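Below is one structure, written out as structure tokens; the observations come after it.
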Amino acid sequence: MATTLKELFIDGLKDIYWAEKALVKTLPIMFDRASDVKLKTAIKDHLAQTKEQVVRLEKVFESMGLKAEGKKCLAIEGIINEGTEVMDSTAEGPVRDAGIIASGQKVEHYEIATYGTLAAFAKTLNERTALDLLLKTLGEEKKSDTLLSTIADTNLNSQAVDGKLQSKDLNAV
Ligand code: FE
Ligand code: FE
Ligand code: FE
């Protein structure tokens, strides 16, 4: 049981470390099942970033003299399971893409909440290296969330209204 803020901080790091590693496995599945070129590119780019975020978390553990260790994040496990269910229950094309964006944004919002909290804990605990690293990832998660909103707003959601896939999006990427 965590009895200090530092212990709670370390528990949170283990949780998000497990979550990022789970996302490294899940993003390629979302990539394969998405159709829109911009969405596929966004997922691919965020996969590369997520791999860097795993390494960055290892540096956070290291900065505190700890070995990186994961602990199952029940929230991300649930969001991933729900996302799979959405992909399985939607027609391929703009409707499934809209569902993938919705799931992706649920992930990003969980990450934004988590990294924001961990950064605040790092600041209070005066863990300066950890703070810098966590803020860098927080910025990436926010950008990823904004990009997904833009992709949905600019064309995807309107295409999904009648489920029509524009020919330019077929067999893309
Ligand atoms: Fe992440
Ligand atoms: Fe969690
Ligand atoms: Fe993310």
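The values are calculated or read from the model by the stated rules, or taken from the named source; none is laboratory data. These figures come from a predicted structure and were not determined experimentally. Glycine gets a Cβ as well: all are built from the backbone with ideal geometry, and neighbour counts include every protein chain shown.
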| field | Among residues of the stretch 98-137, those that are small (Gly, Ala, Ser), over 10 Å from the mean Cα position of the chain (by Cα) and away from ligand 2 (no atom under 15 Å from the Cβ), counted | value | 7
| query | Quick check: anything in the stretch 14-34 touching a His at 6+ places or on another chain (Cβ under 9 Å) and either over 24 Å from residue 120 (Cα atoms) or touching a residue at least 60 places away in the same chain (Cβ under 8 Å) (or both)? | reply | yes
| Verdict on residue 148 being part of a loop (DSSP other than H, G, I, E, B) and either aliphatic (A, V, I, L, M) or modelled with pLDDT of 95 or more (or both) | no
| message | For the structure I just gave you, tell me whether residue 23 is within 16 Å of ligand 2 (Cβ to nearest atom) and under 16 Å from residue 105 (Cα atoms). | response | yes
| field | Criterion: touching a helix residue (DSSP H, G or I) at 6+ places or on another chain (Cβ under 8 Å), more than 29 Å from residue 154 (Cβ to Cβ), away from ligand 2 (no atom under 16 Å from the Cβ) and of a type in the set (A, V, I, L, M) - qualifying residue of 39, 5 | value | 5
| message | I want to confirm something. Restricting to the stretch 114-134 and keeping residues that are part of a helix (DSSP H, G or I) and among the polar types (S, T, N, Q), which single residue is surrounded by the most Cβ atoms within 10 Å (Cβ to Cβ)? | response | 114
| Restricted to the stretch 1-47, and to residues that are away from ligand 3 (no atom under 15 Å from the Cβ) and under 15 Å from residue 57 (Cα atoms), which residue is surrounded by the fewest Cβ atoms within 10 Å (Cβ to Cβ)? | 11
